[in-house]
1. For segment 58-84, which positions are outside any strand (DSSP E or B) and either modelled with pLDDT of 95 or more or surrounded by 15 or more Cβ atoms within 10 Å (Cβ to Cβ) (or both)?
2. Restricting segment 667-694 to residues that are of a type in the set (D, E) and under 26 Å from the mean Cα position of the chain (by Cα), which is most open to solvent (accessible area, probe 1.4 Å)?
3. Identify all residues within segment 462-479 that are of a type in the set (K, R) and touching a helix residue (DSSP H, G or I) at 6+ places or on another chain (Cβ under 9 Å); write none if there are none.
4. Which of the following residues is within 30 Å of E354 (Cβ to Cβ) and modelled with pLDDT of 80 or more: L463, L436, L491?
5. Looking at segment 527-536, is at least one residue open to solvent by 20 Å² or more (accessible area, probe 1.4 Å) and under 20 Å from K626 (Cα atoms)?
6. V177 passes all but one of (1) part of a loop (DSSP other than H, G, I, E, B); (2) in contact with a helix residue (DSSP H, G or I) (Cβ under 7 Å, 6 or more places away or on another chain); (3) farther than 28 Å from L27 by Cα; which number fails?
7. Can you work out which of the residues in segment 549-568 that are in a helix (DSSP H, G or I) and modelled with pLDDT of 85 or more is surrounded by the fewest Cβ atoms within 10 Å (Cβ to Cβ)?
8. Specify which of the listed residues (L575, L608, L592, L586) is touching a residue at least 24 places away in the same chain (Cβ under 8 Å) and closer than 11 Å to V310 by Cα.
Amino acid sequence: MTRDRAPAKAADKPLSAPQKALHKLGLLRDIDLALHLPLRYEDETRITRLADAREGDTAQIEAEVTACEVAYRPRRQLLVTVNDGSDSCVLRFFNFYPSQQKALAVGTKIRARGELSGGFLGWTMVHPHCKAASGALPTALTPVYPTVAGLPQPYLRKAVLSGLTRAELSDTLPTEVAAQLKLRPLWTLKQALEFLHHPTPDVMLAQLEDRTHPAWQRLKVEELLAQQLSQLQSRREREHLRAPVLVPVRPELVEGPFDRAQPERMLPLHERLLAALPFQLTGAQRRVSEEIARDLAQHQPMHRLLQGDVGSGKTVVAALAATVCMDAGWQCALMAPTEILAYQHFRKLVGWLEPLGVRVAWLTGSQKKKERTEMLGLIERGEAGLVVGTHAVIQEQVQFKNLALAIIDEQHRFGVAQRLALRSKTNGEDLEPHMLMMTATPIPRTLAMSYYADLDVSTIDELPPGRSPIVTKVVSEQRRDEVIQRIRGQLEQGRQVYWVCPLIEESEMLDLTNATETHAELSAALPGVMVGLLHSRMPVAEKKAVMSLFTSGSMGVLVSTTVIEVGVDVPNATLMVIEHAERFGLSQLHQLRGRVGRGAAASACVLLYSTGDAPRLGETARERLKAMAETSDGFEIARRDLDIRGPGEFLGARQSGAALLRFADLAEDSQLLAWAREAAPVMLDRHPDLAERHVMRWLGSRTNYLKA
């Protein structure tokens, strides 16, 4: 039995509150406890004389209690006066227990650690950490760990020390692999962990805080290698899985869709779709379509990420992939995170494919029972070649006849379990469906090297011709009337306008104008103009009715929350106003801006910002708005977003439950990442047992996150 496993609990013995809290933190194995590193450290290795202290110092004093009383002005508090022989200090506690008061009785000698204030008027510590002055001083800094309610630091320190003592920490880094590292000295994992849990007081705190100390470097090396190994394992495991080989079936062997009275229907479906489209594919669209078609013709399941900027034409690439699948006699599913986005896909795909004889089914959680039952029947019998919907597509009662391709749009907004559930829908014996994941948030290279190393990535790096450039203006809320006047000008030219608000109704926590108020304001300011309102709390039928009016051109202005962030395609809309733009993330602002500029007419995006009570915008908000004004390139936007906020926004559901990188930093540790990418195949090929131990030590069950 591995020593990394937590000791088994008796089946009839319930967990204590601290044990439940440990489980909540994911600290289940000894190695999990050993890898639970401190947030910061307290120096309890030295005593400071009050006579030598300075105002604002955090210090530990050793003193005798000379007075202890409960005072009631201005509020109930415990006041404890102590003297260390050089000066006296008042310890002030606003929250205290009788046991605490007893432990601080007059005559008791204690050690108290906290921030000193007062100086000339007399020293004071508010809520210091106190304990009896017994035993020798510790020789290492005291760790302070990340914790949750119900898990006090003393209990957590004891648990971590116990886990560190029991954990199996033998080296899993072969000499030939470690030799390629440029780090000297290279600490062992055991040395690194023991030091980081209990560093000596002479260490440079800056090296611990910025994680440049050799002990930190060793942990980063180990973590990055585990991540690269797990992704390489995931890729190689898929090489042994089998998926349907999707190549067009010869028409003479098929009955049904191929009508010999109509020779044009003898052509493969994807060729008929290309011929029927009212536009030509861009070179980038053709290239990625060919990459996908090559994958679909293989026995190995495709696991491909299709990335492209907003408006680059990912939907038509997905449609072509679906026709390749249906040409081979199999079914395809397309899943989108919101009903509005799914419905936009459905309308577009029905318009392209139904004239070619393809039945497209629609599945969503809000469907009426009769329609849903009909759709389920079409899917189960295989009469629906393509199924479009929300997460309803993966519900248990949905039975495909022969699913072979799963397409997931805005994949980062789905949980791992949801993506894995879609993969389990194929009815083929021992067959996996091909997976095509799409995102309009381009992935910066360092992020792709790390978190998406197990995926093949196709990039649409070219916008369709005829798209107008979008002019972006950053405008203060004080010029709101000018913006409304600009809207009147667009409406007089027969154009349409989006106005996006961050909230549906008022919040006491955030002083943001809500969509309902803005709708009323614009309706009053634009007499004779139909102003619509769209938000996520509206009934589905009402949402569809509003979108239908706007899409048809009957509605001039659409006031909306971010429900229109992706998927909405109205070429006649030429102006986007984003209210309280300083509250949005950079990626989200870029997605919203992408709703205009979809036709040939000149388009603009106005970022309306408010500073509230502050004299100016915060640094992060200003950086985001500046980036939006300076570039419309989604890849540059993504790079800046990564710089501003880190990788969390891009990782989405891949981090659901637990971050795959806790210690390494993609921007700071790019050289270590490059080493790990080169080392992973060497280790997996030459030292497979060590590789397996290394991955299980670091990731445990979290390797499942890489399979979706």
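The values are calculated or read from the model by the stated rules, or taken from the named source; none is laboratory data. For clarity, every value in this text was computed on a predicted model and none was experimentally measured. Don't worry about glycine lacking a Cβ; one is built from the backbone with ideal geometry, like all the others, and counts go over all protein chains shown. Please note that ligands, DNA and RNA were not included when accessible areas were found on the heavy atoms of the full protein model with its side chains. Shrake-Rupley method; radii C 1.70, N 1.55, O 1.52, S 1.80 Å.
1. Applying the first criterion (outside any strand (DSSP E or B)) to segment 58-84 yields 72-76, 84.
Passing the criteria: only D84.
2. Here is the first cut: in segment 667-694, the ones of a type in the set (D, E) are 668-669, 678, 685, 689, 692.
Restricting the remaining residues to those that are under 26 Å from the mean Cα position of the chain (by Cα) gives 668-669.
Values: E668: 145, D669: 11 Å².
For segment 667-694, the residue satisfying everything is E668.
3. Initially, segment 462-479 is screened for residues of a type in the set (K, R), giving 467, 473, 479.
K473, the sole residue that qualifies.
4. On the way: L463 fails: modelled with pLDDT of 80 or more; L491 fails: within 30 Å of E354 (Cβ to Cβ).
Just one listed residue meets the conditions, L436.
5. For segment 527-536, residues open to solvent by 20 Å² or more (accessible area, probe 1.4 Å) and under 20 Å from K626 (Cα atoms): absent.
6. The number of the failed condition is (1).
7. Within segment 549-568, the first condition is being in a helix (DSSP H, G or I), and the residues that meet it are 549-552, 562-564.
After this cut, where a residue has to be modelled with pLDDT of 85 or more as well, the list is 549-552.
On the way: L549: 15, F550: 25, T551: 19, S552: 10.
Across segment 549-568, the extreme among qualifying residues is S552.
8. Details: L575 fails: closer than 11 Å to V310 by Cα; L608 fails: closer than 11 Å to V310 by Cα; L586 fails: closer than 11 Å to V310 by Cα.
Answer to the selection: L592.
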